[in-house]
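What follows draws every value from the coordinates through simple rules; no lab data is involved. Everything numeric in this text was worked out from a predicted model, so none of it was measured.
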Amino acid sequence: MPPPPPKKCEAGAPTWIVTFADLMSLLLTFFVLLLSFSVMEVDKFKKIAGAMSDAFGLQSMDKKSGIIELDGSPAAGATKHVVPIPIPEMEVTEHVAPDEEDVVEGTEEPVQAVPDKAAEKAKRTFNDLQTVMASEIASDVMDIIRAGNVTVVRFPDKVSFPSGSGEFRDDFLPILTKFLTVLQDSEGQIIISGHTDDLPISTDQYRSNWDLSASRAISVAQYILKYTSIDPSRITVQGFADSRPLVPNDSPENRSKNRRVEITIRSLSDSASNGDAPMNEPIDEPAEVQVDAPIDSFVQDVEPVPGN
């Protein structure tokens, strides 16, 4: 019986090669992605390479002498002697940051840095006022503000002066006398400022709000000089009229807030207190009207507190 005829091979590549090529392409892509995602640790690679070099007997070149390698480096035995170089010490200057309490909330102007002793004096005065005048502060009879070496005591006109008058209210004299017990022990400059609202005034006694604000400040200064032993050279009297409002003068309540008398205590450092710095240095805020003359030249009778 004759053998069967041989099968004829089809022309071209077999069909399974297409599937095999797709698989190889996918594997290649997979390993390329793994390599791209991997992170090579250079230090660890150098350690492994050094250990492999020692294992296979590879010798380091002389040109590597002087290079300090990590553990397992073949060049470790050929490292040159390292001479330590002394590093000069840097001078460190301490910068004292301002106290958090020295920043006044709601103000845009930064508080200038002041000597520590001046700030400590101001803080001591501020604490004494908070202790002695606690009841007056709680009842909104007065306000106390401290910024750096400056302490501001504010008396509204509803307590201190009647509207359009430079004479004290009867209820204000005991409060002012109690305040003087702390002011007597304070140090530094004392700046007394009078403020009014924007309603114009023109009387036989006061030609304008400038006269009225200055008169109120003078009344306070006269009372301080009469019932304390404070040196008159420490006192400065100012009249601002309506040029320094706390709030807009657009309602009766706001106008009442703007009518006030402020007593600013500026504590000084020891060097300034001993005469190294002038006592009557300009204040931070320029004044349109500043009465800076001997207080004795302003004649105004002030009634003493009953019983004193």
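Given the pairs Lys117/Lys226; Lys178/Lys257; Lys121/Lys158; Lys121/Lys178, which are separated by over 28 angstrom at their Cα positions?
Result: Lys117/Lys226; Lys121/Lys158 exceed 28 Å.
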Relative contact order (percent, whole number), segment 154-214, Cα cutoff 8 Å, 6+ residue spacing: 27
Residue-wise HN-Hα coupling along segment 27-41, computed from phi with Karplus coefficients 6.51, -1.76, 1.60 (Hz; x: Gly, Pro): 5, 4, 4, 4, 6, 5, 5, 4, 5, 6, 7, 6, 10, 8, 8
Estimated vicinal HN-Hα couplings, Hz - segment 169-184 in sequence order (Karplus 6.51, -1.76, 1.60; Gly, Pro = x): 6, 5, 6, 7, 5, x, 5, 5, 5, 5, 5, 5, 5, 7, 5, 4
Amide H contacts of Gly239 (H built 1.01 Å from N, under 5 Å, at least 5 apart or other chain): Gly194, Val289, Gln290, Val291
Beta bridges by DSSP in segment 136-264, antiparallel share as percent, to the nearest 5: 75
